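Read through the structure below, which is laid out as structure tokens, and then see the notes.
The values are calculated or read from the model by the stated rules, or taken from the named source; none is laboratory data. Not measured: the values here are computed from a predicted model. Cβ placement follows ideal geometry from the backbone for every residue including glycine, while neighbour counts extend to all protein chains displayed. The accessibility values were calculated without ligands, DNA or RNA, using every heavy atom of the protein model including side chains. Shrake-Rupley method; radii C 1.70, N 1.55, O 1.52, S 1.80 Å.
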Amino acid sequence: MKFCREYLARRRSDGLYRAVVETKALDAVRVLRQGRECLLLCGNDYLGLTQHPALAQKAQLAAQEEGVGAGGSRLISGSHPLCQALEHDLAAWKGTEAALVFSSGYAANVGTISALVGAGDAVFSDRLNHASIIDGCRLSGAAVSVYEHLDLADLARKLAARKNVRRRLIVTDGVFSMDGDVAPLDKLAALAKAHDAMLMVDDAHALGTLGEGRGTAHHFGVGKEVTIQLGTMSKSLAGMGGYVAASREVIEYLVNCSRSFIFSTAPSPMTLAAAREALTVLRREPQHLTKLQANGQYLRQTLRAAGLPIPEGETPILPLLLGSATAASEMSKRLESASILVSAIRPPTVPRGESRLRLTVSAAHSRTQLDYAANEIIRCWRALQ
Ligand SMILES: Cc1ncc(COP(=O)(O)O)c(C=O)c1O
């Protein structure tokens, strides 16, 4: 079709064309891509649990004993006991009264925001929030105020400017997915209280990595002041599916009016069993988080010492800002020639002019692998200056 052809031609000429490339996992950080073994430095398997034998064993057992799929939505065909068990474990880990599982983190954001606010309400969203938050805000029909990234004064101004609304919701990433910086949840909680607003945090990248693995609210000690702690099982928990942890009342409300929960098939027994085991591993084997933090600091300091523009930080996400989409693509291509996989992050994922390589470390990376990656990244970056 003509409009598709024209769109794709434009994407190519703007350096923004995307393609799906077959990539087979060899272990948590090594992949086989187009016949070549590459080191993965852009995944979200922060704790390296995708290959943990205990998770595979639980998933396999659940598939054998319970079947490979849920077979229906929870409100129509009933809720699998593993769903409730996982929700119980998630609530315990997050320190909330209850939790609710969704089919993905994307579905959790879209279905939660659009349930909490609607026409006549206002939602206040950080400029760098994840696309699923942005889509949830749009879908909700509430008035959307986008505040500058981590700018509390701008947020306070925007809250004060929208007084005559029914409900107000402040929503933020906990750890920002493309920048790796952390939302000051204690200060956001104080602002929410002062302006009688609900506060929601998306801990997709904070679960397993921050606050002893329990997330941003735990890190700042403000669990009781956060209305919604949302997250995903697709990153540190190494599987798939989203969740919301909140008060019993909020969870009951979402069960009754979150459309992405109501009108979607429940996660499979395999997914649920693997996620439960991942939480057990988080509790039982703190060495993965310790190693993740050490690896993150090591790569960050090595690259910063060589002069690369990577900000200080405490998370496993290291943004290497390159500016143009073509510069980011070129650097990514050069690294792939050196058997290192780091995808270029370009608009619309990040704002125009802020294209970058998003380097992520995992607990599964060895020092030798990180040293090799650091040398190649420094070499390619210098060659492009
Ligand atoms: C901040 C954030 N929220 C939500 C999501 C969506 O989670 P999922 O991959 O489970 O749909 C992601 C994942 O890309 C994310 O980075």
| request: Could you run the Karplus curve 6.51 cos²θ - 1.76 cosθ + 1.60 with θ = phi - 60° over the range 166-177 and give me ³J(HN,Hα) per residue in whole Hz, x for Gly and Pro? | output: 6, 10, 10, 10, 9, 10, 8, 5, x, 9, 6, 5
| task | Could you give me the radius of gyration and the Dmax of the range 1-112, taking only the C-alpha atoms into account and expressing both in angstrom? | result | 20.0, 53
| Fraction of alpha-carbon pairs over 18 Å apart in the range 254-314 - percent | 64
| task | Taking 7 Å along the Cα-to-C-beta vector as the label spot, tell me the VAL144-MET1 distance in nanometres, rounded to one decimal. | result | 2.3
| task | Taking amide H positions as placed in the peptide plane 1.01 Å from N, state which residues far from GLY72 in sequence (5 or more) or on other chains have amide H under 5 Å from it. | result | ALA266
| message | I need the trypsin sites (Lys or Arg not before Pro) found in the range 295-354, filtered to DSSP loop residues with at most 14 other beta carbons within 10 Å of theirs. | response | ARG352
| query | Want the number for LEU75 to TYR372: 0.36 nm per residue separation, take away the alpha-carbon distance, what's left? | reply | 101.8 nm
| note | Residue-normalised 222 nm signal for the chain, counting each DSSP H run of n ≥ 4 as -39,500 (n - 2.57), nearest 500 deg cm²/dmol, is -13500 deg cm²/dmol
| query | By its C-alpha gyration tensor, with a ≥ b ≥ c as the square roots of the eigenvalues, how is the range 181-317 shaped: rounded for a/c under 1.5, else prolate for a/b larger than b/c, else oblate? | reply | oblate
| said: Whole angstrom only: what separates the Cα centroid of the range 45-100 from the Cα centroid of the range 156-229? | reply: 26
| field | Contact order normalised by residue count of the chain, Cα under 8 Å, 6+ apart, percent | value | 22
| query | Can you flag which of LYS193/LYS235; LYS94/LYS163; LYS187/LYS291; LYS94/LYS235; LYS158/LYS235; LYS224/LYS291 are past 25 Å Cα-Cα? | reply | LYS193/LYS235; LYS94/LYS163; LYS187/LYS291; LYS158/LYS235; LYS224/LYS291
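For the chain, which whole percent of the accessible surface, found with a 1.4 angstrom probe, sits on carbon and sulfur atoms?
53
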| field | Mean Cα-pair separation over length for the range 68-144, i.e. relative contact order, pairs under 8 Å, 6 or more apart, % | value | 24
| Please identify the chymotrypsin sites (Phe, Trp or Tyr not before Pro) of the range 245-314 that satisfy two criteria: DSSP loop assignment and at most 13 other Cβ atoms within 10 Å. Which are they? | PHE263
| For the range 53-284, convex hull volume per residue from C-alpha positions, Å³ | 104
| request: Could you check what % of the DSSP bridge pairs in the chain are antiparallel, to the nearest 5? | output: 55
| note | Averaged per residue, the 1.4 Å probe accessible area of the chain, protein heavy atoms only, in Å², is roughly 45
| field | Student exercise, the chain dipole from Lys, Arg, Asp, Glu Cβ charges, in Debye to nearest 20 | value | 980
| field | Segment GLU212-ARG248, length gained on full extension (0.36 nm per residue, minus Cα span) | value | 10.6 nm
| the range 72-121: mean projected area of Cα convex hull, nm² | 4.7
| request: Per residue of the range 209-221, in order, report the coupling 6.51 cos²θ - 1.76 cosθ + 1.60 (Karplus, θ = phi - 60°) as ³J(HN,Hα) in whole Hz, putting x for Gly and Pro. | output: 10, 10, x, 6, x, 8, x, 5, 4, 5, 4, 9, x
| request: Enumerate by residue number the GluC sites (Glu not before Pro) in the range 259-346 meeting two conditions: DSSP loop (anything except H, G, I, E, B), and at most 14 other Cβ atoms within 10 Å of the site's Cβ. | output: GLU312
| remark: Dipole check, the chain, charges on Cβ (K,R +1; D,E -1), about Cα centroid: among SER268, ALA383, LEU357 the Cα furthest to the positive pole belongs to ALA383
| task | Quick one: what are the phi-derived ³J(HN,Hα) couplings along the range 370-378, Karplus 6.51/-1.76/1.60 with θ = phi - 60°, whole Hz, x for glycine and proline? | result | 5, 5, 4, 4, 4, 4, 5, 5, 4
| So for the pair ARG352, VAL68, with labels modelled 7 Å out along Cα→Cβ, what separation do we get in nm? | 4.6
| said: Taking only the Cα atoms of the range 1-40, how large is their convex hull per residue, in Å³? | reply: 95
| field | Cα-based equivalent ellipsoid of the range 54-148: semi-axis lengths in Å, sorted from largest, via gyration tensor | value | 33, 15, 13
| the range 270-385: translational diffusion in µm²/s, Stokes-Einstein, Kirkwood Rh over Cα pairs, 25 °C, 0.890 mPa s | 160
| field | Length gained when the stretch ALA85-ARG36 is fully extended (0.36 nm per residue, less Cα-Cα span) | value | 13.5 nm
